[in-house]
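To start, the structure itself, in structure tokens.
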Amino acid sequence: MIKHPGKTDVVEIRDRILDKGVTVRRVRDPNDSGAPAASAVGAGELSSPSERAAFRIVQKAFDAWNDQDVDGCTALLDQGYVGEMHQTASALRGPEDARLAMQSIRESLPDLRLTIESALTVGDDVLVSWRAMPSEVVGCTVTRLQGRKIAHTWTYAPNRLRSKATELR
Amino acid sequence: MARQLVIVAREHPDLYSYLRERFAGRAQAEVLLDRRVGQRRGEHVPVPSDRRRQDRRARPGVDTMLRSRSHVIVTLP
């Protein structure tokens, strides 16, 4: 059952709130002419130590991916890891399943890099908005942590990237 | 404690549904669907007296970002 907060009218809420000075959680390298910087969002933007710790684990996974370190990425996964992708029926189950998928994607898309553009941490859930280079495709991943391991991911990506990733499974 | 908003573009209802359920009951974060259509002040029709002192959209960046991506994360003061 979804609980609906009292205010749901985004027009009213956003207009009201934006007048007070909302910070858009999106950081770019000031020295960069346009291309997003790697791991552009720092953990320092998150308020509590637990939020920062949770974000760092997810950030490590992105960094390992960008370093083509499939083992490093797999090591962050819980034994019961489940990886889901929007509108994709099959899920990755377990670190080994994820490792094979990552290897396939890396072999097919060796230049693929993911830049974190913004992040939000609530409890054990971390929402990360990312940009895939060089395609410039943007998407997001919601990660659930269990202890200091990644137990579940749900990825939302536009059709182009999703089709490529699923056909590689 | 700062609150966070995830504003999801209207073209991505599946993302909105998922995030809404995922973050349900979490006081620190709220997921909203952007239902706004276009710029209401787009037409420059001369009027004798405009009672609106300023454009309330003080952060047009959010609108711009939502045109090119599925969602935007913002932090409330």
Taking each residue in B:23-33, count the Cβ atoms of any other chain within 10 Å of its Cβ, then average. What number comes out?
5
Taking B:V31, A:V82 and counting other beta carbon atoms within 10 angstrom, the fewest-first order is A:V82, B:V31
Each residue of segment A:67-76 in turn: what ³J(HN,Hα) in whole Hz from Karplus with 6.51, -1.76, 1.60 and θ = phi - 60°, glycine and Pro shown as x?
8, 6, 9, 5, 5, x, 5, 5, 5, 7
How many times 2.2 N^0.38 Å is the alpha carbon radius of gyration of segment A:53-169?
0.95
Interchain or sequence-distant (5+) residues whose placed amide H lies within less than 5 Å of the amide H of A:D78 are A:I150, A:A151
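Readers should treat all values here as calculations from the given coordinates under stated rules, not as data from a laboratory. Fair warning: this is a prediction, and the values are worked out from it, not measured in the lab. Glycine also receives a Cβ, built like all others from the backbone with ideal geometry; neighbour counts cover every protein chain displayed.
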